[in-house]
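The values are calculated or read from the model by the stated rules, or taken from the named source; none is laboratory data. Treat the numbers as computed from the prediction; the structure is a model and nothing was measured. In this analysis, Cβ positions are derived from the backbone assuming ideal geometry, glycine residues included, and neighbour counts consider all displayed protein chains. Each accessible area value is taken on the protein alone, full model and side chains, heavy atoms only, with ligands, DNA and RNA left out. Shrake-Rupley method; radii C 1.70, N 1.55, O 1.52, S 1.80 Å.
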Amino acid sequence: MAVAKVRPRKQSSEKKATTKRTRKQSSSSSNNNDDDDEPLNKKLKSNGKNSTNKNDEVKDEDIPLGQLEKTKSKTKVISPKEEDIENDNELTLSQIKSNIDKSIQIEKVSNSSDNKSLTENEEDSSEYKWWEEDLDDGTEKWQTLEHNGVLFPPAYESLPDLVRLIYDNKPVKLPAQAEEVAGFFGAMINTDHAMNPVFQANFFKDFLAVLKEAGGVLEPKNLKITKFDKCNFQPIFDYYEQKKEEKRQLSRTEKKALKEEKELLEESYKFCYLNGRKEQVGNFRVEPPSLFRGRGKHPKTGSLKRRVYPEDIILNLGKNATVPNPPAGHQWGEIRHDNTVQWLAMWKENIFNSFKYVRFAANSSLKGISDYKKFEKARELKNHIEKIRQDYREKLHSKVTFERQIAVATYLIDVFALRAGGEKGEDEADTVGCCSLRYEHITLTPPNNVTFDFLGKDSIRFYQEVVVDKQVFKSLKLFKKAPKKSGDQLFDRLDPSILNKHLQNYMPGLTAKVFRTYNASKTMQDQLDGMEIKLEQPVQEKILLYNAANREVAILCNHQRSVGKNHETSVQKATDKIEQIIWQKIRFKRALLQLNPKLKKTEGKMFEDIEDLTKEKELEIIKRVTERDLEKFKRKFLNDNEKRKEKNEELLPESQLEEWLDKVNKQKDLYIEELENDGKLSDEFMEKVSKEDKLRDKIHKFEQRIINANLQLKDKEDNSQVSLGTSKINYIDPRLSVVFCKRYNVPIEKVFTKTLRDKFKWAIEGVDDNWRF
DNA sequence: GAGATGACTTAGAAGACTCCAT
DNA sequence: ATGGAGTCTTCTAAGTCATCTC
C-alpha cells in the first residue's frame, strides 16, 4: 500500500505569511490587510441579532408547509403492501405541496435538456445568500423548521419458494425474519467481507438469534442449524444475481420509468423549510437493515444492523410545524422541538447504541455557514501559528514530561498532519492518532529518522519515513524508554481533551483538527503560488497543475484509496496505445520524407525521432495491432450474429468472418513488408496520402495525441493510490480553487463537480480575485 | 477530572451515471 | 448503439470535540 517517502516539510516557508501581529484580535479575520474589502468578511458578529426575519416576505413557492390551505384531493403515489412500514401512501398536505414543486421541476428540466444544471440551480436556491448577511454566533440554529419526516426502506420481500438456504445439503425453509438475514449474507458471498471469519462469526451469531426469535426452522421441522460451515448460500446468491441481471436488462424506457417512480416517492422528503426557506435534506432515507461492514479488523463486522421502525425515530420540528404522518399503524418515537441542533430526525442503532442523524444537505445554509466558519477559524490560526511553533520548539527542551509530551504532540500534529487520536473501545478496530500512538508505532533510527507505521482512521495505513527535529527525536526516545514496551502509550500524560485545552490558550476554538485544515489549505496556497502557470496554456494543462497541487494536500493528509483491481492492465493498455500512436506518427513522417526527400535537409529537426523505434519494437507493435483487430472482428462477427438471431434474420456466413480476418492479415503483411524495406511505404499507401499539407496535419495531430496521452497516463499513475476528493471536499478552502479558476481563466466546472459547486456556492459567489487563504 | 453522551465533520467504498471509443 | 472505464454521487462508518453527569 503506502510507499516509503521521506518528506520533511519546510517550516521556514511559513514565515512570509505569518508576520507577527500586534493588534488585538477581536473578530476573526478583519485584521488581515489583504482582505479588508472582502464581502465575506463582515460575518461572524459575535453578538449580532438574528437576521432571519429578512425573509418575512415569502414568495409563493416558499410558503411554509403548515400554512398551506387544506385541499381534499388525495393522490396515490405507489402502493406499498399493507403491512409495510413504508411511508403512507396517503399524502400529507406538505407532500402534495412538494409534489407540485416536483412537477414544476420536471417540467423545467424537460424543457431545457441542454442546460439542465442551470435550471436545477435556479430551482434549488430560492436564493438565500447567507454570505451576504451578517452571521450570528448564538446557539440557536433556527426559528422554524418543517419537514416531512424520513423515508423508510421497503419491507422485506420473501424469496421464491424454490430459493432456499442449503444446510447440510438439505434445502431449508426459514421464517421470513431469518431468511432476510440469511439473504444479507447470501447476496454478498463473493465479497471480501463474507470471506472474513470475524464477519462470518458475527453474522452467524446474529442470524441464529433471529432464527431463534422467529421460532426456528420451518422445514424440515426438527432441523437445528448450528454450524456456519454447513450453510450453503449459493442459491440465494444466484437468485440475487439474477435479479440484478434482470434489472440490467430492462430497456431504457423501463429504467427511466422506474427511476421516475423512485423520484416521485422521494420527492417530498428531499426538501424541508428552515425559517420558511426551502432547503435540501441530506440523508432522508432511513438506513436499511444489513450486515454491518466495519473497516479493517473490526471486532463487530458482520453483526446484524436491525431494521429501524418509526417508533425508534425522534423527529425534530419547529413548535408550530405540522407533524408528518407516521406510516400506517405506527407512531413516531418522539417529537422534539430543539432549535439548538441541526438534525431533522435521529434514531439509535443497535450495534454500538450510538445515534444516526438525518441532516441538511451539504448545500444548505446551515452546513455552508459551518463550513465557512471552519475555514475562517483555520485562517485565524495564521495569526497564532508562529507563537505556537516557537513555544513547542522551546518546550521540547522542558524537564517536565507533561510539557514535553504536549510539545512533541503539537509538533507531530502540525508537521505530519496527524489526527488528535482519541481513545478507542474494545469493540472497535484498533486504530490510532497522535495521542493514542503506542510504542510499536514508531521506530527511531539515529541520528533523527523516524518511521511511523500505524493504522489511522478507517484503518488506513500511515507509513512514513521522515527526518524530524533533533529534539523531537530525543524526546520520542525518552517516551519509549524502558520500562515502556510494546502496547504502551507513547504519550501517557495526554489525551485529546488535555491537548485541546492547551491549544485554546493560544486561540479560542483552536483544536487539533484545525491544524489539518490550516496546513492543508496553506499547502494548497503555497503549491499554487509556486507554480508557473501561464494564462495561455491549454485548460487541460492548468487542470493538471491544479490536481498536482491538490495531490500534495492529499498526500499530506494521507488520503488514500484502494488501487483498482485492473489498474495495472489499464496502465499497460494506455502505454501500448501511446506506442501505437508514436509508431503511426513515425510512419507518416517517413511518408512525408518519401514524398519530399529534400525535407531531411531543410527540416532535419522534424525527423529526429524517426529512428526512435527499433525493428523489434515495431514488429511487436504490428503484432499487437493485428491481434487487436483480429479480436475486434471476431467479436463483431459474434455480436452481429447474435442480433440477427434475435431478429430471426439470416446469419452471417463463416466466410464473412474469414474475409474480415483476411483483410487484417493482409494489412499486417503490408506493415511487415514496410519494415523489411527499411520503412519504405507502399505505393498504395502513398497514393492515399499524396498531399504534403495533409500529411503534416496528420503528424501534428498524432503529436498532440501523444502529448495528451502521456499527460493522462502520468496523472493516472500519480493518482492511483491517492484520493484527491476528500481534501477537496473537506480541507482545501474552496475560495482557493475559485480564485485559481478566475485568475487563470479555468471554468469552475473543471475543478468542482455539480455537487461541489452547490456546496461551495458561498465561495464561488462571494470571493474577490485577490483573496488569499 | 473521568467517563458518557450527543452532535457534528471527515472518510473510503460502493453504486449510479456519463462519456468516449468502437 | 454498446459497453467499459472513469467520474460523480450516495451511503454510512469512523473520527473529533463540546457538554453533561457524577
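Kindly write out, for the stretch A:603-610 in residue order, the coupling ³J(HN,Hα) from the Karplus curve 6.51 cos²θ - 1.76 cosθ + 1.60 (θ = phi - 60°), rounded to whole Hz, with x marking Gly and Pro.
10, x, 4, 4, 9, 4, 8, 5
Round to a whole number: what % of the accessible area of the stretch A:338-379 belongs to carbon and sulfur, probe 1.4 Å? It would help to have the intermediate numbers written out before the result.
Values: 740 of 1510 Å².
Reported share for carbon and sulfur atoms: 49 percent.
Could you look at the stretch A:262-304 and say what percent of its accessible area is carbon and sulfur, using a 1.4 Å probe and all protein chains? If you can, show how the numbers build up before the last one.
Details: 890 of 1690 Å².
Carbon-and-sulfur percentage of accessible area, whole number: 53.
So if we plug the beta-carbon distance of A:Lys688 and A:Glu659 into 1/(1 + (r/R0)^6) with R0 = 22 Å, what FRET efficiency do we get, rounded to 0.05?
Numbers: r = 21 Å, r/R0 = 0.97.
The pair A:Lys688/A:Glu659 has a calculated efficiency of 0.55.
Packing-wise, with mean Cβ within 10 Å as the measure, how do A:265-278, A:148-161 rank, highest first? Working shown, then result.
On the way: A:265-278: 22.2, A:148-161: 17.0.
The peptides rank, most packed first, as A:265-278, A:148-161.
Between A:Lys305 and residues 5 or more places away or on another chain, which pairs have amide H atoms under 5 Å apart, with H built 1.01 Å from N, and which residues are they?
A:Ser290, A:Leu291, A:Phe292
HN-Hα J couplings of the stretch A:287-304 from phi, Karplus 6.51/-1.76/1.60, θ = phi - 60°, integer Hz, Gly and Pro as x?
Each residue of the stretch A:287-304 in turn: 4, x, x, 5, 9, 4, 9, x, 8, x, 8, 8, x, 9, 4, x, 5, 7 Hz.
Please give the FRET efficiency for A:Lys477 paired with A:Glu334, using the beta carbon to beta carbon distance and R0 = 51 Å, rounded to the nearest 0.05.
On the way: r = 55 Å, r/R0 = 1.07.
The value I calculate is 0.40.
Could you give the size of the charge dipole of the stretch A:168-249 about its Cα centre, using +1 on the Cβ of each K and R and -1 on the Cβ of each D and E, expressed in debye and rounded to the nearest 20? Walk me through the intermediate numbers first.
Details: 12 positive and 12 negative charges, 44 e Å.
Taking the Cα centre of the stretch A:168-249 as origin, the dipole is about 220 debye.
In what sequence, highest mean first, do A:624-635, A:302-313 appear when ranked by Cβ atoms within 10 angstrom? Each step should come with its number before you reach the end.
Numbers: A:624-635: 14.2, A:302-313: 19.8.
Ranking the peptides A:624-635, A:302-313 by packing returns A:302-313, A:624-635.
Averaged per residue, what accessible surface does the stretch A:168-249 expose to a 1.4 Å probe, in Å²? Please list the in-between numbers first.
Values: 4840 Å² over 82 residues.
So the stretch A:168-249 comes to 59 Å² accessible per residue, rounded to a whole number.
Decide, for the stretch A:354-446, between rounded, prolate and oblate: order the square roots of the alpha carbon gyration tensor eigenvalues as a ≥ b ≥ c, take rounded if a/c falls under 1.5, and otherwise choose prolate if a/b is larger than b/c, else oblate.
On the way: a/c = 3.01, a/b = 1.36, b/c = 2.22.
Since a/c reaches 1.5 but b/c is at least a/b, the shape of the stretch A:354-446 is classed as oblate.
Could you order peptides A:585-596, A:242-253, A:649-660, A:462-473 by the average number of other Cβ atoms within 10 Å of their residues, highest first? Let's see the in-between values first.
On the way: A:585-596: 19.4, A:242-253: 9.5, A:649-660: 12.5, A:462-473: 17.4.
Top of the packing list down: A:585-596, A:462-473, A:649-660, A:242-253.
Quick check on the stretch A:280-371: of the DSSP beta bridges with both residues there, what percent are antiparallel, nearest 5%?
Working: 10 of 13 bridges.
Around 75 percent antiparallel, to the nearest 5.
Expressed as cubic angstrom per residue, what is the convex hull volume of the alpha carbon set of the stretch A:583-692?
Value for the stretch A:583-692: 119 Å³ per residue.
Mind listing the long-range amide H neighbours of A:Arg285? Cut-off is under 5 Å, sequence gap 5 or more, other chains count too, H placed in the peptide plane at 1.01 Å from N.
Amide H neighbours of A:Arg285: A:Leu151.
What is the percent carbon and sulfur in the accessible area of the stretch A:583-692, measuring with a 1.4 Å probe over the protein chains and ignoring ligands?
On the way: 3720 of 7720 Å².
Answer for the stretch A:583-692 is 48 percent, counting heavy atoms of protein chains only.
What accessible area per residue comes out for the stretch A:498-604, rounded to a whole number of Å², with a 1.4 Å probe?
On the way: 5210 Å² over 107 residues.
Per-residue accessible area for the stretch A:498-604 comes out at 49 Å².
Put +1 on the Cβ of every Lys and Arg and -1 on every Asp and Glu Cβ in the stretch A:168-249; which of A:Val181, A:Thr191, A:Val210 then has its Cα farthest towards the positive end of the dipole?
So the residue we want is A:Val210.
Kindly sort A:Ser737, A:Ser370 by accessible area of their heavy atoms, largest first, with the probe set to 1.4 Å. Could the numbers behind the result be given before it?
Numbers: A:Ser737 0, A:Ser370 55 Å².
If we order A:Ser737, A:Ser370 from most to least accessible, we get A:Ser370, A:Ser737.
Tell me, what HN-Hα J-couplings in whole Hz come from the Karplus equation 6.51 cos²θ - 1.76 cosθ + 1.60 at θ = phi - 60° for each residue of the stretch A:759-771, using x for Gly and Pro?
After applying 6.51 cos²θ - 1.76 cosθ + 1.60, I find 5, 9, 4, 4, 7, 5, 8, x, 10, 9, 4, 9, 4 Hz.
Compute the distance from the alpha-carbon center of the stretch A:723-773 to that of the stretch A:341-389, in whole Å.
Distance between centres, Cα-based: 19 Å.
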